[in-house]
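So the structure is just underneath, and the comments pick up after that.
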Amino acid sequence: MAKQHYKISKLELLRRIVFITIGAALVSVALEIFLVPNNIIDGGIVGISIILSHITGVTLGIFLFLLNVPFLIIGYKQIGKTFALSTLYGVTVMSIGTTLLHPVKALTYSPFLAPVIGGVILGIGVGLVIRFGGSLDGTEIVAILFTKKTAFSVGEIVMFFNLFILGSAGFVFTWDSAMYSLIAYYIAFKMIDVTLEGFDQSKSVWIISEEAKEIGDAIMNRLGRGVTYLQGEGAFSGGMKRVIFCVITRLEEAKMKSIVQELDPSAFLAVGNIHDVKGGRFKKRDIH
């Protein structure tokens with residue numbers, strides 16, 4: 001009989017809340033103390049929010065919250081309850097943080113320091129939030145929904161979307177701002193990878209466990225990912241082992257590890273980076 005849905009411990013929940021709070025707060029600092037005062041934008045929903053805030057004069061935090069929440073609601077079945085709630089919490093902290101920091105004067109107006117320092121802080125903040133099971137931008141949720149209707153991958157849709165947003169900065173602000181925004185975005189992107197210890201868009205996962213069937217069912221039901229069972233033979237023991245193989249996104253790695261830890265703490269788990277995924281049934285199905 002399958003086990004009941006795993007509930008994280010109070011200590012783990014507190015740890016997740018603390019680090020998502022720190023990450024969202026860092027993003028708020030990067031935006032209001034370095035990037036926004038220098039007319040430098042980020043990609044995704046954050047970039048759209050900065051542009052709308054500049055045009056309308058409405059506080060940035062309001063747009064950050066209002067534009068992200070609908071995508072969380074629409075994509076609820078695609079990302080799961082835990083991730084949705086973690087993301088909602090992170091977005092709320094970020095929105096409040098930017099609102100509180102808005103009256104604070106920028107630390108620098110240097111066209112070199114602002115995108116570099118702002119990009120570093122932004123990347124670390126976003127990386128922390130992703131590492132502990134959340135997100136601060138609805139772009140990837142939109143991309144996951146679009147992959148069901150198009151032949152483009154999540155990464156391709158996100159890249160196109162962000163290039164469009166960053167290019168828009170040239171019309172709303174100046175073309176210098178657009179180029180500085182591109183620098184800040186690149187630095188932030190690299191810092192996310194550093195914070196996540198080399199996480200890539202997609203991950204290959206290999207699991208060897210005596211509870212392979214139960215773990216495989218949990219991955220399909222709780223992550224919405226298909227799995228493949230392979231037969232392996234231990235070179236040392238000579239025993240036959242069932243091996244689970246699947247491909248996930250970087251945002252799902254934390255939940256994948258928690259599933260394996262819950263069902264078989266002694267399981268062998270290997271996670272590797274994948275630079276390209278085509279064919280097969282990589283598209284995510286609804287989870288309940």
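The values are calculated or read from the model by the stated rules, or taken from the named source; none is laboratory data. A quick note: this is a predicted structure, and the numbers were derived from the prediction, not measured. Neighbour counts are summed over all protein chains in view; Cβ atoms, including those assigned to glycine, are modelled from backbone coordinates with ideal geometry.
Numbers below:
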quantity: Criterion (at pLDDT below 90, acidic (Asp, Glu) and in contact with a strand residue (DSSP E or B) (Cβ under 8 Å, 6 or more places away or on another chain)) met by exactly one of 197, 253, 211; calculated: 253
quantity: Count - residues of the stretch 207-244 that are under 24 Å from residue 143 (Cβ atoms) and not basic (Lys, Arg); calculated: 7
quantity: Members of the stretch 242-255 that are under 23 Å from the mean Cα position of the chain (by Cα) and more than 19 Å from residue 19 (Cα to Cα); calculated: 245, 246, 247, 248, 249
